[in-house]
Amino acid sequence: MHKYIIKRLLMLIPVMLGISFILYSIMTLTPGDPAQLILGPGATEEAIELKRQELGTDKGFWEGYVDWLTNAVQGDFGTSYRSKEPVFNEVFARFPNTLKLASSAIILSVIFGIGIGIFQAVRQYSMSDNIISGITLVLTSMPDFWIGLILIIVFAVWLKVLPASGANHWYNFIMPALTASVGYTAGTIRLTRSSMLEVIRSDYIRTARAKGAAEKTIIFKHALKNALLPVVTLIGINLGWQLGGTIIVEQIFAIPGIGTLMIGAVRSKDTPLLMASVLFVAFLSALINLITDILYAYIDPRIKAEYSK
Amino acid sequence: MKRKWAIGLSIVMSSLLLFSGCGGNSTETSTEGTTETTTEGTTETTTEGETTSEGEGEVTNIVMQNALEKMGQVTVANGEGAGRDTLTFVSVIEPTTLEPGGVASSDANFRVVATQIYETLVRESQTDRTVLEPMLAESWEFNEDGTQVTFQIKQGVKFHDGSDMTVEDVAYSLNRAIGLATNADLAEMMDSAEVVDDTHVVLKLKYAYGPVVNILTNPNFAIVSQAYVEKCEAEGINFGRTPMGTGAYQFVEWVNGANITLKAFDQWNGGEVNIPNLIFNFITDTTTAAIALESGDCDLLYGTDSADLPRLIENPDVNVMGVQSSGFYFLTLNTQSELLSDVNIRKAIQLCIDRQEVIDGGQDGLGWVTPCPITPGIFGYPEDFVGTQTNVEEAKALLAEAGYPDGITIQFITPESSYYSRPAQVVQEQLRRAGINAELTMMERGAFDTDLSNRNFEMSYSWIGCSYPDADNIVYRLFHSQYANSTGQTNMANIVNEEADRLVEEARKSTDSAEREALYLELCELNDENAWYIPILTSTNTVTASAQVGGVAGNSGSFYYVSDYTFEAE
């Protein structure tokens with residue numbers, strides 16, 4: 001098991017290198033000069049050249065990348081072109097908001113997703129199953145900016161019970177978390193239902209029923225553990241996505257998170273800031289994937305046996 | 001039973017499709033709005049709402065026309081929020097730094113916050129850009145040949161750290177500003193500043209330049225503390241994140257990406273301010289920002305999308321103050337390109353343009369027809385100038401005369417933001433009427449700037465701002481041949497014309513207002529004859545305030561001095 005974890009962690013190194021190289025290429029090879037964007041249309045050619053030297057964008061492609069990499073390996077990811085702040089100051093200032101939003105959205109989707117999914121599977125083809133299936137289909141199809149705006153209109157403009165924007169208090173996150181979780185909840189419900197149904201039909205459940213185990217025990221002790229495997233994968237993937245910043249939700253509710261930071265960095269061609277924020281998110285996603293894989297082992301002993309080989 | 005379900009479901013699905021269709025436009029709206037403000041640095045309020053059909057388009061236009069008229073009625077809000085102590089000001093873009101000179105001089109996102117913390121020697125009047133009011137300078141005087149300005153500096157002014165502002169600080173600030181790359185365009189005529197005596201500072205110019213004092217209203221020329229700036233440099237403190245000046249409000253806290261908190265400076269040289277606390281909130285989504293104002297979460301909003309304007313105007317709790325912006329949108333015809341070096345072809349393009357139609361179709365009616373490169377409120381604006389009128393038949397005749405009876409194809413570039421791309425598409429259609437096929441490329445902003453600066457285009461649709469209210473600021477850089485065939489966004493049409501050079505040079509040097517006005521009128525006519533630039537429209541600069549705030553005035557320079565505002569009714 002430890003060996004496996006170490007192997008996976010080591011594999012992160014080439015992944016991070018690859019991501020940084022691709023990002024650097026995109027940022028430097030696409031048209032647009034950060035020095036010119038900062039100085040504005042009125043700047044003279046000399047002024048722009050000076051600014052390029054200051055930013056270090058006057059170097060060649062390879063030299064620039066190697067310089068960045070050398071510094072990054074030593075822990076210096078540079079300063080933002082625009083704010084002149086060390087890039088991780090900005091990333092860490094924004095990250096707590098994204099983390100709050102992502103985790104609350106995921107918690108909501110896990111609670112409702114798994115709960116409702118099991119409920120449906122147990123009552124397959126009943127009226128309630130059909131109605132819920134219809135609703136989940138609708139929810140999966142709804143774009144989150146639309147849900148967000150509707151929530152704002154109802155709760156902020158009409159009822160005036162929740163603030164429309166900001167990230168200062170816990171109640172600022174109610175509407176954003178709901179908005180961000182809707183799609184994930186619907187997905188989790190559907191996956192839980194179908195994987196639960198599959199398990200319920202399997203032989204060992206029939207055996208359990210035959211030996212007279214209580215229905216509750218069958219569902220929660222025998223069936224659920226096996227049915228949850230794909231659901232855990234989905235939750236892991238969802239969390240990775242969410243940490244990358246739910247850009248639209250952040251934008252609509254004016255939450256200063258990672259997503260809006262990255263968008264801003266792309267627009268202003270702020271290469272160091274973009275690279276730091278994307279690498280940070282990529283690293284987290286990779287970690288979450290690893291944790292998901294480790295969780296498998298606890299849920300399914302067969303996989304644990306695989307790991308120890 | 002199952003069939004019923006299927007039918008029910010399909011109804012739900014199709015209604016969803018409809019909803020998502022509507023929603024799609026609104027997201028586009030918000031992201032476009034942001035792009036615009038980031039790159040241009042000013043919040044040009046133009047219309048983004050897509051109209052779905054011809055009929056609806058007309059309705060929107062009527063709404064917009066009414067909106068324009070109504071906006072004009074409220075110029076100064078009247079406060080009704082007695083007893084409140086904190087004003088929340090929402091801006092759609094967070095400034096990147098609060099260091100004077102740390103950003104381009106045209107960056108209005110910086111300006112909105114910086115004007116509260118810093119003070120300049122003079123400021124623009126809130127109602128008339130061309131009128132200057134004393135700020136840190138009590139008076140100023142030009143020498144005989146107009147190459148030096150001596151400022152009498154206000155005494156007893158304190159910085160936020162409690163230290164006294166000295167004439168040395170003033171001279172240091174000016175020299176610092178002159179040397180900064182971000183001010184290269186504005187400070188071009190300035191040589192250096194020197195201390196004369198304990199109360200006077202002289203600004204020496206490279207050549208006589210009448211509007212020089214107007215330039216000093218820009219917060220990039222704000223007065224900073226020499227000791228503090230040097231301390232920041234020595235200790236590696238990021239000045240842009242810990243700003244310190246002499247303004248009515250002093251810096252308290254900057255929460256990255258969310259807000260900037262300021263509090264009234266108790267030793268401010270202007271006396272006591274009415275509102276003790278000031279918070280800037282940054283809400284990138286323009287619709288959310290407008291809702292924050294409507295729901296009472298904020299008091300002041302800079303950067304309103306005009307899709308939200310009609311609703312805000314109808315709201316009795318909100319005052320919308322919009323004034324005509326001083327920058328304008330225009331076509332540039334690159335005279336060094338093969339086809340457009342022919343004046344007949346340029347004239348043909350000009351004859352196809354119907355400005356009102358561009359405003360109606362590309363800006364939902366919210367805009368002003370702009371026939372010449374000098375806008376109202378700017379010195380040199382030729383009020384009665386009309387310019388060439390639309391005439392497609394004549395355009396066709398000119399094309400035939402130039403040897404292209406079957407029409408031509410030209411390359412046309414514009415930034416992808418809908419502030420540009422929608423009007424550009426209308427222009428494209430108008431040109432088609434005379435057989436001119438303009439191949440429109442909508443470009444990412446950075447790429448567009450690069451192509452424009454390198455003159456790598458035939459025709460472009462772009463925007464130019466006016467940093468201070470004098471025609472010279474715009475026309476000199478657009479028309480003078482010294483900038484032709486160089487790089488940068490100056491003389492992009494590559495005009496090399498002795499007459500144009502003479503006019504802009506004489507108008508720059510002259511101190512006689514009447515003579516200058518005559519020269520600028522001549523220049524507008526010359527441009528119209530040659531069709532180098534085809535100015536199209538100006539849009540609005542809007543600030544929206546809760547009815548609880550008094551004293552707010554819309555202005556085209558984006559100077560909003562919160563120290564003038566009050567919660568008390570007048």
Based solely on its DSSP helices, what 222 nm [θ] is calculated for the protein assembly as shown when runs of n ≥ 4 H residues each add -39,500 (n - 2.57) and the sum is averaged over all residues, nearest 500 deg cm²/dmol? -16000 deg cm²/dmol
Binned Cα-Cα distances of the range A:1-159, short to long, each 10 Å bin given as a whole percent: 8, 19, 22, 20, 19, 9, 3, 0
Take the cross-link list B:231/B:263; A:84/B:204; B:158/B:509; A:269/B:263 and give me the ones stretching past 28 Å between alpha-carbons. A:84/B:204; B:158/B:509; A:269/B:263
Using +1 at the Cβ of each Lys and Arg and -1 at the Cβ of each Asp and Glu in the range A:95-267, identify which of A:196, A:110, A:158 lies farthest towards the dipole's positive end. A:196
The range A:210-288: spread of alpha-carbon positions along the three principal axes, whole Å, largest first, is 67, 26, 12
Cubic angstrom per residue, convex hull over Cα atoms of the range B:135-256: 116 Å³
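Taking all pairs of distinct Cα atoms, average 1/r, flip it, and tell me the Kirkwood hydrodynamic radius of the range A:1-88 in Å to one decimal place. Could you put the intermediate results ahead of the total?
Details: mean 1/r = 0.0662 Å⁻¹.
It works out to 15.1 Å.
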Compactness relative to 2.2 N^0.38 Å, alpha carbon Rg of chain A: 1.24
Cross-link reach from residue A:211 to aspartates and glutamates, straight Cα distance under 19 Å and at least 8 residues apart if same chain, gives A:203
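Based only on Cα atoms, what Rg/Rh ratio does the range B:303-419 have, Rh being taken as Kirkwood's radius? Walk me through the intermediate numbers first.
Details: Rg = 18.2 Å, Rh = 17.1 Å.
My calculation puts Rg/Rh at 1.06.
Report the semi-axes of the equivalent ellipsoid for the range A:65-184 in whole Å, largest first, where each axis is √(5λ) for an eigenvalue λ of the Cα gyration tensor.
Working: eigenvalues 309, 87, 29 Å².
Those come to 39, 21, 12 Å.
Rounded to the nearest 20 debye, what is the charge dipole size of the protein assembly as shown about its Cα centre when +1 sits on each Lys and Arg Cβ and -1 on each Asp and Glu Cβ? Could the numbers behind the result be given before it?
On the way: 57 positive and 105 negative charges, 1436 e Å.
So the magnitude is around 6900 debye.
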Cα Rg, Dmax, the protein assembly as shown, angstrom units: 30.4, 110
Jot down the radius of gyration and Dmax of the range B:214-345, Cα atoms only, both in angstrom. 21.7, 64
Using a cut-off of 18 Å between alpha-carbon atoms, which lysines can reach residue A:225, once sequence neighbours fewer than 8 places away in the same chain are excluded? A:216, A:304
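Could you tell me the convex hull volume per residue, in Å³, taken over the Cα atoms of the range A:109-148? Don't skip to the answer; put the middle values down first.
Values: hull volume 2.5 nm³, N = 40.
Given the Cα convex hull of the range A:109-148, per-residue volume reads 63 Å³.
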Quick calc of log₁₀ I(q)/I(0), the range A:95-267, Debye, one scatterer on every Cα, no solvent, q values 0.13, 0.15 1/Å, result -0.70, -0.85
Given +1 on the Cβ of Lys and Arg, -1 on the Cβ of Asp and Glu, and no further charges, what dipole in debye does the range A:95-267 carry about its Cα centre, rounded to the nearest 20? 500 debye
With Rg and the Kirkwood Rh both taken from Cα atoms, where does Rg over Rh land for chain B? 1.00
Can you give the accessible area of residue A:284, probe radius 1.4 Å, in Å² rounded to 10? 30 Å²
Over the Cα atoms of the range B:86-151, what Rg and Dmax result, in angstrom? 15.0, 49
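The values are calculated or read from the model by the stated rules, or taken from the named source; none is laboratory data. Values in this document were obtained by computation on a predicted structure and should not be read as measured data. Positions of Cβ are generated from backbone atoms using ideal geometry, with glycine treated the same way; all protein chains shown enter the neighbour counts. Calculation scope for accessible area: heavy atoms of the full protein, side chains included, ligands and nucleic acids excluded. Shrake-Rupley method; radii C 1.70, N 1.55, O 1.52, S 1.80 Å.
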